[in-house]
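The values are calculated or read from the model by the stated rules, or taken from the named source; none is laboratory data. Please read all numbers here as calculations on a predicted model, not as lab measurements. Cβ: placed from backbone, ideal geometry, glycine included. Neighbour counts: every protein chain shown.
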């Protein structure tokens, strides 16, 4: 049985207990959330994941790091380093989005090396294989696409991004849309072009029950992808985005009834004033399913700093109910991320997630802040560094300061407000 099926039978599994222990909550709360579909535990039954995570209502906000080769940078060794960096920086999950090199070998290596749940977007491999075989990714067949899904499941992938909401009905909307940026999702764009060229329905929609069967066999969580998410704040919350979300809500219900856990993916580029409405709409249309958001990025004007634009949006989104943040790196929109980009992206998203957890009143969230504040009051620099979200950077900044053994920093020096107040109150 899957995690969802066992939860519905009131069984508390080892995975549920592990998540409860990590969250500091009762196992029954986790089991109940899984049964209702408001919590998901991505964990392929053939994998032994060292650091499981629960995603959903009442839990700490989780962070995903995207990894994977590109056609210009197909180096597996580099991606393995990035994987290690992402997990070390605190990513709760990772995704392999590779499109360059030997995709099967890359996925095997990343799964073997990952100590956290790992997700993929199967249509990438299917499209790349069609391109390599026939010189055109539009030659991919539904049969080969499902072979890829089965293959990746058998390797141990824990969650799939499946763009089942991009339908032929949406194609008409896309062609008549006034969007500035029509389709910015890679998977969505592949499917839109394929449907337009072949005249056929999206196989991920038409044959959704086959996906459910594979997911159920391996207990894979389906992350229903937002292939029509807005790529500009000017396109946010339009009819196309909402149409896809409604379809995802219906598909999510079908999957849950079949014992398969579901996460819903969301926008995208969204201005600050529309974020809360987007979260509320997803929760309503998808019956409270965990919401996985890319950012959202709150402005389009900051290439090189989009880890910040997404962290701003992510903090707001999570504070009003989003459960899972997909990191964005400083190199978003500009280039394939390097190792430093990965670290900065994870840290920025973790800051957003933690800030949201404080706002949501997540159990124990404020304790971290209280402890570092007490260390700051005592001017206990070592403790402050240990408690910081990025101890390495905090230590580097502190050690570059003079005098190194001072109990104050070089910003205020002898006029340190904390020290002056302490002396005044003695």
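Below are the figures for this structure:
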{"read-out": "Residue tally, condition in a loop (DSSP other than H, G, I, E, B) and closer than 12 Å to residue 362 by Cα, over region 309-322", "value": "1"}
{"read-out": "Residue count for region 93-110, restricted to those that are in a helix (DSSP H, G or I) and crowded, with 20+ Cβ neighbours inside 10 Å", "value": "4"}
{"read-out": "Any hit, region 65-79, residues being in contact with a helix residue (DSSP H, G or I) (Cβ under 7 Å, 6 or more places away or on another chain), within 30 Å of residue 288 (Cα to Cα), in contact (Cβ under 8 Å) with a residue 40 or more places away in the chain and not in a strand (DSSP E or B)", "value": "no"}
{"read-out": "Residue ranges of helices (runs of 4 or more DSSP H) in region 189-273 with at least 2 members over 23 Å from residue 149 (Cα atoms)", "value": "239-257"}
{"read-out": "Condition met for residue 157 (closer than 19 Å to residue 251 by Cα and buried (at least 22 other Cβ atoms within 10 Å of the Cβ))", "value": "no"}
{"read-out": "Residue selected from region 369-403 under the condition outside any helix (DSSP H, G or I) and in contact (Cβ under 8 Å) with a residue 24 or more places away in the chain, by the criterion farthest from the chain's Cα centre (by Cα)", "value": "379"}
{"read-out": "Conditions (1) more than 20 Å from the chain's Cα centre (by Cα); (2) in contact (Cβ under 8 Å) with a residue 60 or more places away in the chain; (3) assigned to a helix (DSSP H, G or I); number of the one not met by residue 347", "value": "(1)"}
{"read-out": "From the options 166, 183, residue that is under 25 Å from the mean Cα position of the chain (by Cα), part of a loop (DSSP other than H, G, I, E, B) and free of Cβ contacts under 8 Å to residues at least 60 places away in the same chain", "value": "183"}
{"read-out": "Options 119, 90; residue that is in a strand (DSSP E or B) and either over 23 Å from residue 261 (Cβ atoms) or in contact (Cβ under 8 Å) with a residue 40 or more places away in the chain (or both)", "value": "119"}
{"read-out": "Unmet criterion (only one of (1) assigned to a helix (DSSP H, G or I); (2) surrounded by 17 or more Cβ atoms within 10 Å (Cβ to Cβ); (3) in contact with a helix residue (DSSP H, G or I) (Cβ under 8 Å, 6 or more places away or on another chain)) for residue 366", "value": "(2)"}
{"read-out": "Count of region 280-296 residues which are crowded, with 24+ Cβ neighbours inside 10 Å and part of a helix (DSSP H, G or I)", "value": "1"}
{"read-out": "Of all residues making up region 9-24, the number that are in contact (Cβ under 8 Å) with a residue 60 or more places away in the chain and either surrounded by 20 or more Cβ atoms within 10 Å (Cβ to Cβ) or touching a helix residue (DSSP H, G or I) at 6+ places or on another chain (Cβ under 8 Å) (or both)", "value": "1"}
{"read-out": "Long-range neighbours under 9 Å by Cβ, at least six apart or interchain, first residue over 15 Å from residue 223 (Cβ atoms) within region 25-50, second at pLDDT below 95 and surrounded by fewer than 23 Cβ atoms within 10 Å (Cβ to Cβ)", "value": "25/363"}
{"read-out": "Selection within region 185-203 - crowded, with 19+ Cβ neighbours inside 10 Å and within 17 Å of residue 99 (Cα to Cα)", "value": "185, 187, 188, 190, 191"}
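Each row is one residue, and each column tells you yes or no for (1) surrounded by fewer than 16 Cβ atoms within 10 Å (Cβ to Cβ); (2) modelled with pLDDT under 95; (3) more than 19 Å from residue 288 (Cβ to Cβ).
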| position | (1), (2), (3) |
| --- | --- |
| 205 | no, no, yes |
| 213 | yes, no, yes |
| 237 | no, no, yes |
| 252 | no, no, no |
| 259 | no, no, no |
